[in-house]
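A quick write-up on the structure given underneath.
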Amino acid sequence: MKYVCGVCGYIFDEEAEGKKFEELTRCPNCHSPASVFKPLKEEGEEASKEDSDSGRVYQCGVCGYIFDEKAEGKKFEELTHCPRCHSPASVFKRIDGGEVAEEDPASSKSGSRENSHDLDYDSETMRTDPEEHYMDDIHEMAKEGKTIIGSMGPRAVRPSWDDIFILGAQLDPMPLDEHAPVDITTVIGRRAAKPMVLDMPVYISHMSFGALSKEAKISLAKGAAMAKTAMCSGEGGILPEEMEAAYKYIFEYVPNQYSVTDENLRKADAIEIKIGQAAKPGMGGQLPGHKVTSEIAAIRNRPVGEDILSPSRFPGIESQDDLKKLVDSLRERSGGRPIGIKLAAGRIEKDLAFAVGAGIDFVTIDGRGGATGASPKLLRDATGLPTIYALRRARKFLDSIGSDIELVITGGLRVSSDFAKAIALGADAVAIASAALMAAACQQYKICHTGYCPTGVTSQDPELRKRLHVDVAGQRVYNFLKVSAEELKIYGRVTGHDKIHQLTLEDLCTVDRDLAEYADIPHA
């Protein structure tokens, strides 16, 4: 007998291997358990009448993809991964005549958490991702609401935030008492008529309703509100339920001017002009037509089902004076809310000189590593300035010109140690997106643009969206933010600071020569 691995396609031939299949425990190739193997028909073996007449039909238990042998032109045994979500073939189930035989994989799970306070992630969609080494930690913090305790040494990783180390104080200076208070309060737009005050220096970055589901947006807003920090609108306009749930709300002003009214500007706590983002610098946003529902179309005043493309630049802004007029207008129309600008990290000093001269109150730098729901892959992979270097250059430039505007950093930061290091490098606040999504429900399937996100985070499909329960996801987001806030206080204590914004380069070291030379971090 021969058997095929449902994950990698490895063929186990009892005769060639010299042992029975029952003796196999794991796939020799991908190390998946033997349970994912299926018998492989010998060449020439007669197929059943049912199979030969019409072919069999299977459905992916994660994203709902239909695999029809007749349409695909091959047998199910040849399938190794779902063509849509890349889950292993072992998650597929046989269905009859194109209809779900017993239960729809989306709808059957939609009510699995009803009347439950369990914060566990859906076992059918939960996964690990070697490229997101913090995802498991984020999930645990989001479920348990407490710091993770580990043992043994740290893991080795490629050059990243993990190549920067925080120096604990001993005698000169001395650390604070274990329970000493540490102030992590953060102000955005300190010089504005109506500054935005947050309980912590970490908030939820811009992600649009459209790129995310309605449930995802509301759960993020609820989690941020419980932590008394800010939620951002994203470039798709204002989702009223999200704005209502938010503690503080940053409205993103884009060339298409979705939701731009004097009333909305005054309801927001800060306004951010989007010039660019790291995953697609020099390009406008894009939302595939299959994600443009009637509700999204109404907010954006666009036809249902049609692709939405945003301009790559603002019409009418050709000079610093033009930008200043827009900043002044938004400041007046909003009644003195802080006005900021979001830039993709690139020509840092030139872009900042232009922006600061326009009279902004804060600036967000989006470094390489920042994510997006949809972007040309080669553009995303080939452009941008790494976040650590972008942050250090921005801080040095602002200090050199005597600017007191707040500097917000975003792009690839995941956990409290990253946040503390960013503050020591000169950030006033950190905006997180991917980490917040992972806390809510995201499993990093990385098919956001397709609309078939199995967890419902980036899908507009009604059945997939039912998998995301707002209150449960919101509680997870809060837990993650709460743990992050408490851990930031720990970093303050161990470095001898009673205010988190007192962290400086003197509290850091690195073993990376490039970081030492180009980011001014003392070498160990």
Correct semi-axes for the chain, from √(5λ) of the alpha-carbon gyration tensor and rounded to whole Å with the largest first, are 44, 29, 21
In region 139-248, the trypsin sites (Lys or Arg not before Pro) that sit in a DSSP loop and have at most 13 other Cβ atoms within 10 Å of their own Cβ are Lys146, Arg155, Arg191
Exposed GluC sites (Glu not before Pro) being those in a DSSP loop with at most 15 other Cβ atoms within 10 Å, the longest stretch of the chain free of them is 319-524
Restricting to aspartates and glutamates and to Cα separations under 19 Å from Lys324, and discarding same-chain partners fewer than 8 apart, the set is Glu252, Asp262, Glu272, Glu332, Glu349, Asp351, Asp361, Asp404, Glu406
Summed over the other residues with a beta carbon less than 14 angstrom from that of Tyr10, with K and R at +1 and D and E at -1, the charge totals -2
Region 163-273: antiparallel bridges as % of DSSP beta bridges, rounded to 5, reads 25 percent
Convex hull around the C-alpha positions of region 428-524: the volume in Å³ per residue is 141 Å³
Neighbour-count ranking for Val197, Val356 (other C-beta within 10 angstrom, fewest to most) reads Val197, Val356
With a 22 Å threshold on alpha-carbon distance, the violating pairs from Lys421/Lys489; Lys267/Lys342; Lys228/Lys291 are Lys228/Lys291
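Just need the relative contact order of region 266-369 here, percent rounded to a whole number, with Cα pairs under 8 Å and 6+ apart.
Reported relative contact order: 36 percent.
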All alpha-carbon distances of region 232-374, grouped into 10 Å bins from 0, give the whole-percent distribution 11, 40, 37, 11, 0
Percent antiparallel among DSSP beta bridges confined to region 181-518, rounded to 5, stands at 15 percent
Using the Cα gyration tensor of region 157-202, the equivalent ellipsoid's semi-axes, largest first and to the nearest Å, work out to 29, 20, 10
Nearest 10, in degrees from 0 to 90: the angle of helix 320-333 to the longest Cα principal axis of the chain is 90 degrees
From the Cα centre of region 122-144 to that of region 58-72, the distance in Å is 26 Å
XL table Lys93/Lys146; Lys74/Lys466; Lys214/Lys274; Cα-Cα > 27 Å flagged, in table order, is Lys93/Lys146; Lys74/Lys466
For region 169-179, Karplus-derived ³J(HN,Hα) couplings (6.51, -1.76, 1.60; θ = phi - 60°; whole Hz; x for glycine and proline) come out as 6, 10, 10, 9, x, 9, x, 7, 4, 4, 10
For the chain, the longest principal axis of the Cα atoms and the Cα long axis of helix 387-400 enclose an angle in degrees, to the nearest 10, of 10 degrees
Only helices counted: for the chain, with every DSSP H run of 4 or more residues adding -39500 (n - 2.57) and the sum spread over all residues, [θ] at 222 nm is -8500 deg cm²/dmol
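Readers should treat all values here as calculations from the given coordinates under stated rules, not as data from a laboratory. Predicted model only: the values in this text are computed from it and were never measured. As a convention, Cβ positions derive from the backbone with ideal geometry for all residues, glycine included, and neighbour counts pool all protein chains shown.
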